[in-house]
Amino acid sequence: MAKLFRAAIMGPPGSGKGTISKRIAESFGLQYLSSGHYLRESIAANTEAGILVKRYVERGLLVPDNVMTRLMVPRLEQLRNHSWLLDGFPRTLAQAQALNSVCELDLVISLNIPYETLKDRLSDRWIHPASGRVYNMGFNPPQVQGRDDITGEPLIQHEDDKPEALVARLRHYKDVAKPVIDLYKSGILHSFSGTETDRIWPYISSLLTRWALPQRTRKY
Ligand SMILES: Nc1nc2c(ncn2[C@@H]2O[C@H](COP(=O)(O)OP(=O)(O)O)[C@@H](O)[C@H]2O)c(=O)[nH]1
Ligand SMILES: Nc1ncnc2c1ncn2[C@@H]1O[C@H](COP(=O)(O)OP(=O)(O)O)[C@@H](O)[C@H]1O
């Protein structure tokens, strides 16, 4: 069996984590695990955990670490024999420590994107709430304006993607992420800076190729 590869991607809201993760998953065949996806799934299932989680997500607050860890760790344990990429977890130091106790990451990708770029992207971000599919009116517009490509359902904009909410959101991201970045700094952390995903992508792609991950497609 090929050597397993475990990576996580970090960056402020709008930095392109979802966009780049999709490219990594498609190009290198890694299983993509997004915290947002599992949270939406648990909310939709209306379980006890889902009802609890909903109260936080609706207000744009971080879900408590113990709830988040209980949601993510069993999934990672099920994927013991797979290579994967985590998006949105770990987000806090406590989550990183919980993750460390179940597996060792090979690589952490950190995205540094200027504030003005984040603001522009998020004000143009449209989401299909049920699936989490993300569009951008300039960068990757839907086929029909305001409608999801797959279901045709209406797209929405998040209240907290509006510029007024962004300063506080970014400050909060930095406070919470700093100790996580510091934890990974001494070895597995690779940071990428820029204003365009298409210009950052070749560096990420060549990093993963150097890791001897077989490339499935050169679509991007
Ligand atoms: N204009 C532009 N938009 C981008 C670029 N990369 C990603 N986006 C869009 O920016 C928004 C935020 O990206 P997303 O992947 O959702 O970021 P995340 O919050 O870190 O997961 C989405 O609407 C993307 O379609 C880029 O290079 N240029
Ligand atoms: N690792 C996590 N820890 C705590 N809460 C989380 C985590 N990941 C996601 N969430 C919650 O889910 C919401 C949506 O997450 P996500 O889809 O990653 O969007 P964003 O990165 O734009 O905030 C967050 O606002 C937060 O409430």
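Bear in mind that the values in this text are calculations on the coordinates, not laboratory data. Worth saying up front: this structure is predicted, and the values here are computed from it rather than measured. So basically every Cβ, Gly included, is an ideal-geometry build from the backbone, and we count neighbours across all protein chains shown.
See the values below:
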item	result
Charge-dipole axis of region 76-132 as Lys and Arg at +1 and Asp and Glu at -1 on Cβ define it, positive-most pick from Gln97, Ser83, Ser131	Ser131
Taking Lys219, Lys17 and counting other C-beta atoms within 10 Å, the order from fewest to most	Lys219, Lys17
Overall form of region 1-128 per C-alpha gyration tensor (a/c, 1.5; a/b vs b/c)	oblate
Cα centre as origin, Lys/Arg/Asp/Glu Cβ charges: region 124-220 dipole, Debye	540
Counting DSSP beta bridges with both ends in the chain, the antiparallel % (nearest 5)	30
Selection from Ser42, Thr151, Ser186 lying farthest towards where the dipole of region 6-210 points positive, charges on Cβ	Ser186
For region 6-210: rounded, prolate or oblate by the Cα gyration tensor [a/c cutoff 1.5]	rounded
Residue exposure sequence - Ile150, Ile43, Ile20 - by fewest surrounding Cβ within 10 Å	Ile150, Ile43, Ile20
Amide H contacts of Leu4 (H built 1.01 Å from N, under 5 Å, at least 5 apart or other chain)	none
